[in-house]
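Visitor: Before I ask anything, let me first share the structure, which is written out below as structure tokens.
The values are calculated or read from the model by the stated rules, or taken from the named source; none is laboratory data. Note that the structure is predicted; figures quoted are calculated from it, not measured. Cβ atoms come from the backbone with ideal geometry, glycine included; neighbour counts cover every protein chain shown. Accessible surface is based on the protein model in full, side chains and every heavy atom, while ligands, DNA and RNA are left aside. Shrake-Rupley method; radii C 1.70, N 1.55, O 1.52, S 1.80 Å.
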Amino acid sequence: MTTDSATTETCTVSIVGGGTSGLALAAELMRLKVGKVVVLEREPEAGGIPRHCGHYPFGLREYGRLFKGPQYANKNRETAENLGVEIRTSATVTALREGGTLEVCSNEGRNLLKADRVVLCTGVRESTRAQRFISGDRTRGILSTGALQSFVYLKGLRPFSRPIIFGSELVSFSAIQTCAHLKMKPAAMVEEEERLRARRIFAPYLLLNRVPLYTGIRNPRIVGRDRVEGLHFNNRNGDETFIEADGIIVSGRFRPESALLRASHLEVDSGTGGPLIDQFGRCSDPAYFAAGNILRPAETSVFCWDEGKETARRIADDLRQSASQIREYIEVKSVTREIGFVVPQRIDLCPPKGGMANFYVGLTSEVNATMQAACDGCVVWTGKIKSKPIRRLQIPIANILRSKPSSSVIFKLAKKS
């Protein structure tokens, strides 16, 4: 049972998570002079995932020059600190209370931080072996891409010499770069879907690095008594295949870091696994906002940086508004299996200007079809969609609002080609 015996302090905005979106948001809030801004980061150092990515390219759009991941993370952190942001590391938020109060545990003990606005920027993590349903022996030598990058770039350790990369997203190609840093040679890249999940433009990179690609695999099974010895699977023709390896990199299939959220009073969207928000990034409790990859896994650092800055402007505007402002919401949802999620999940019909320009639609499979948005039984928008999963699919919110919807907006696929 939680008591209020802990010390309580206050600030204008507290940000949970010191990654790219959180630091960009914090810096922009200071430029907008909103008041005291505190970033709470559970790691010993702020910066997020780029801290582990010891390769290019980062920062070209944001700062006009190319950085490796750790340099980029340092730049984001230094920019925020130089503007007056207070960054507290090794500070773990253990509970989200109503109205913007956070329970925080740190080296100094436990305290409560009450903010006028709280922003959730906790980001994403890769799916585990269990979540990917990879069977076989429980053995050493199985890592996520993030863990591999931590071993290599932060600790200088070489966990294996010839791993198999399980997955084919953009982060899977980052794993190849990480392996090259300490002369590890991937034995193969394997993918359960029929095609590469990353864009086809990356396929020549596999040829350049002599990494064989197996798509459409089934029944993957890790083999190894003391450590990984290889991977058994059925190839796309159904033939049993075995690839010898001394490690498995379980890569991609990102999920929001939402354990804290799910234990809170905030509404969670079943499609994204992140918070339910309106077009301003506002959660079900109006004291809370969210930005970055917690909203829809997973985007690039530059996308998160942009979104952090945009969300900062919306929060600054929100702080200036009357607390009694009337809000009228309609729900936004999907009823088709191929549409995994739609963000935002609700729309404020009485908003000030400055909200998100687009709905962000996530697909669960490749789609070549006509998509519709319907309200009150009438189609209010229709468009041709040809896209693969994990692509950025955006539909202008204005196209929907132009019809002046009065009830839920339903996205669906009307006709498949």
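Visitor: (1) closer than 27 Å to A80 by Cβ; (2) surrounded by 19 or more Cβ atoms within 10 Å (Cβ to Cβ); (3) in contact with a helix residue (DSSP H, G or I) (Cβ under 7 Å, 6 or more places away or on another chain): which one isn't true of V302, the others all being true?
Guide: Single failed check for V302: (2).
Visitor: Further, regarding this structure: Kindly state which strands (runs of 3 or more DSSP E) lie completely within the range 70-147 and contain at least 1 residues that are farther than 30 Å from V228 by Cα. It would help to see each step written out before you state the result.
Guide: Values: elements: 86-88, 92-97, 101-106, 109-120, 124-126, 142-144.
By residue number, 86-88, 92-97, 101-106, 109-120.
Visitor: Mind checking which residues of the range 112-124 are within 12 Å of S14 (Cβ to Cβ) and open to solvent by less than 30 Å² (accessible area, probe 1.4 Å)?
Guide: Keep residues of the range 112-124 that are within 12 Å of S14 (Cβ to Cβ), which gives 112-121.
Across the range 112-124, the qualifying residues are L112, L113, A115, V118, V119, L120, C121.
Visitor: Please verify whether F202 is among the aromatic types (F, W, Y) and open to solvent by less than 10 Å² (accessible area, probe 1.4 Å), treating the condition exactly as stated.
Guide: Working: among the aromatic types (F, W, Y): yes; open to solvent by less than 10 Å² (accessible area, probe 1.4 Å): no.
For F202, the condition - among the aromatic types (F, W, Y) and open to solvent by less than 10 Å² (accessible area, probe 1.4 Å) - is not met.
Visitor: Pick out the one residue from L261, L319, L231 that is outside any loop (DSSP other than H, G, I, E, B) and within 30 Å of R337 (Cα to Cα).
Guide: L261
Visitor: Does the range 211-259 hold any residues that are crowded, with 19+ Cβ neighbours inside 10 Å, within 28 Å of G123 (Cα to Cα) and aliphatic (A, V, I, L, M), and which are they?
Guide: Those that are crowded, with 19+ Cβ neighbours inside 10 Å, within 28 Å of G123 (Cα to Cα) and aliphatic (A, V, I, L, M): I248, I249, V250.
Visitor: Something else: For residues in the range 1-33 being among the hydroxyl-bearing types (S, T, Y) and outside any strand (DSSP E or B), which is modelled with the lowest pLDDT? Show your work before the answer.
Guide: Taking the range 1-33 and keeping what is among the hydroxyl-bearing types (S, T, Y), we get 2-3, 5, 7-8, 10, 12, 14, 20-21.
Filter again for outside any strand (DSSP E or B), leaving 2-3, 5, 20-21.
Numbers: T2: 47, T3: 51, S5: 64, T20: 97, S21: 98.
For the range 1-33, the residue satisfying everything is T2.
Visitor: A further question follows. Report the residue count in the range 63-76 for those that are under 19 Å from the mean Cα position of the chain (by Cα) and at pLDDT 95 or above.
Guide: Filtering the range 63-76 for residues under 19 Å from the mean Cα position of the chain (by Cα) gives 69-70, 72-73, 76.
Then drop every residue that is not at pLDDT 95 or above, which leaves 72-73, 76.
So the answer is 3.
Visitor: Kindly list, by first and then second residue, each pair from a residue in the range 20-46 that is under 13 Å from A316 (Cβ atoms) and touching a residue at least 40 places away in the same chain (Cβ under 8 Å) to a residue that is open to solvent by 10 Å² or more (accessible area, probe 1.4 Å) and among the small types (G, A, S), limited to pairs with Cβ atoms under 6 Å and residues at least 6 apart or on different chains.
Guide: From residues that are under 13 Å from A316 (Cβ atoms) and touching a residue at least 40 places away in the same chain (Cβ under 8 Å), the pairs are M30/G84.
Visitor: Filter the range 366-381 down to the residues that are more than 30 Å from E126 (Cα to Cα) and surrounded by 14 or more Cβ atoms within 10 Å (Cβ to Cβ) and list them by number. Spell out how you get there, then give the answer.
Guide: Initially, the range 366-381 is screened for residues more than 30 Å from E126 (Cα to Cα), giving 370, 372-381.
Of everything in the range 366-381, those that are more than 30 Å from E126 (Cα to Cα) and surrounded by 14 or more Cβ atoms within 10 Å (Cβ to Cβ) turn out to be T370, Q372, A373, A374, C375, V380, W381.
Visitor: Has the range 364-385 got at least one residue that is small (G, A, S), part of a strand (DSSP E or B) and more than 30 Å from R253 (Cβ to Cβ)?
Guide: The answer is yes; a qualifying residue exists.
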